């Protein structure tokens, strides 16, 4: 796209307008269509700052609004459609009922557009493709399968089950981390309260007696001074840093890859991410293969649902191996993300023709591992919380009582 600045005369005054266009002639034609006045000259210029600013605002708005629809109302809508289809009702009637009963505004909008396209002769899967970023590729794959096999109700039912499994895992993790997060938040509030309200009272007393303050007290005074003078700047800086990292994570594939790989190495967090992502991949892969979707297509859809970019890259090695003529077992080995027992189970299922049964067993293994880890997150984090609380209490005790003892000794000596 090029930008042309056109100078023209209107009511005896010289004015300018910038018109974006691919060619100069098209820009002139567009200017003439506006009937603004008598054209004096046309000059190609670089992209104006106002256009750059508007483009940045549009990208930022798109970036902030690009998020998936909430799973709970979407799952409820899918279950409702599956039940009505199984009862023999036509798809357009099912969609109308979902639009009428759903409380989520975005789901109403999506199914309203799908309904219009379905009534004009378009299939449900093709109509939903335009919303793939919001509903996920797995929704499109299952809808397409249901239409091809003539069992749309069964495919939608299985889709709801898959999404329910994903949602349950997320809720289980949130429930497990609620206690440690609450304790950590309470510690921060208590520490800030003591530092900003209690320490200044002791500071005046310490200054009056002019005693040599011990190191813990100096640390407390330094923290209090930093919070009082730079607390707001630190808070704003932290918010800007978080916002900047969020933007970089969404826009830079390289940064996203590095960050996701690092997160897999973080204590407890990395293991939770790994088990949830791999367990989700195996579960969806099993459901898709058992539903009759071709192997490579099932792998692509299952991998797309994995949110960690590093794991997604490693899992793509399975597809590469199959396209090179290797076995599924070789592909799982190439990822270097599965223990030997899992590889042996895949191999046994592949050679015996009972891959679905083996995938179900592997799904159960990862589900149990994930449940055990999540159920014990609080227990695993508890030593860290106790150590943090102990350090917090010790710093306050030493910082306050050591100088008081020195003052008491000085007063007693006098």
- So which pairs qualify, if the first residue must be in the stretch 159-174 and in the same structural domain as residue 76 (by TED's automatic domain parsing) and in contact (Cβ under 8 Å) with a residue 12 or more places away in the chain, the second must be exposed (fewer than 15 other Cβ atoms within 10 Å of the Cβ) and in a helix (DSSP H, G or I), the Cβ gap must be under 6 Å, and the two must be at least 6 apart or on different chains? none
- Message: Out of 307, 297, I need the residue that is surrounded by fewer than 19 Cβ atoms within 10 Å (Cβ to Cβ) and part of a loop (DSSP other than H, G, I, E, B). Which one?
- Response: 307
- Task: For residues that are within 30 Å of the chain's Cα centre (by Cα) and buried (at least 16 other Cβ atoms within 10 Å of the Cβ), scanning just the stretch 339-360, find the one that is farthest from residue 282 (Cα to Cα).
- Result: 342
- residue 289 versus (1) touching a helix residue (DSSP H, G or I) at 6+ places or on another chain (Cβ under 7 Å); (2) surrounded by fewer than 17 Cβ atoms within 10 Å (Cβ to Cβ): which is the lone unmet condition? (2)
- Counting only residues that are free of Cβ contacts under 8 Å to residues at least 12 places away in the same chain and assigned to a helix (DSSP H, G or I), which one in the stretch 260-293 is nearest to residue 379 (Cα to Cα)? 269
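Could you say whether any residue in the stretch 245-254 is farther than 30 Å from residue 356 by Cα, outside any helix (DSSP H, G or I) and either in contact with a strand residue (DSSP E or B) (Cβ under 8 Å, 6 or more places away or on another chain) or outside the structural domain of residue 160 (by TED's automatic domain parsing) (or both)?
Yes, the stretch 245-254 contains at least one residue that is farther than 30 Å from residue 356 by Cα, outside any helix (DSSP H, G or I) and either in contact with a strand residue (DSSP E or B) (Cβ under 8 Å, 6 or more places away or on another chain) or outside the structural domain of residue 160 (by TED's automatic domain parsing) (or both).
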- residue 318 vs. criteria in contact (Cβ under 8 Å) with a residue 24 or more places away in the chain and either closer than 29 Å to residue 380 by Cβ or surrounded by 15 or more Cβ atoms within 10 Å (Cβ to Cβ) (or both): no
- Query: Of all the residues that make up the stretch 102-150, how many are over 20 Å from the mean Cα position of the chain (by Cα) and at positive phi?
  - Reply: 2
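Tell me which residues, restricted to the stretch 148-160, are assigned to a helix (DSSP H, G or I) and either in contact with a strand residue (DSSP E or B) (Cβ under 9 Å, 6 or more places away or on another chain) or crowded, with 16+ Cβ neighbours inside 10 Å (or both).
Correct list: 152, 153, 154, 155, 156, 157, 158, 159, 160.
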- Enumerated helices (runs of 4 or more DSSP H) restricted to the stretch 77-143, each holding at least 3 residues that are assigned by TED's automatic domain parsing to the domain that holds residue 154, buried (at least 16 other Cβ atoms within 10 Å of the Cβ) and touching a helix residue (DSSP H, G or I) at 6+ places or on another chain (Cβ under 9 Å): 91-101, 105-119, 124-129
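The values are calculated or read from the model by the stated rules, or taken from the named source; none is laboratory data. Just so you know, these numbers come straight off a predicted model, no measurement behind them. Using ideal geometry, Cβ is built from the backbone for each residue, glycine included, and neighbour counts are taken over all protein chains shown.
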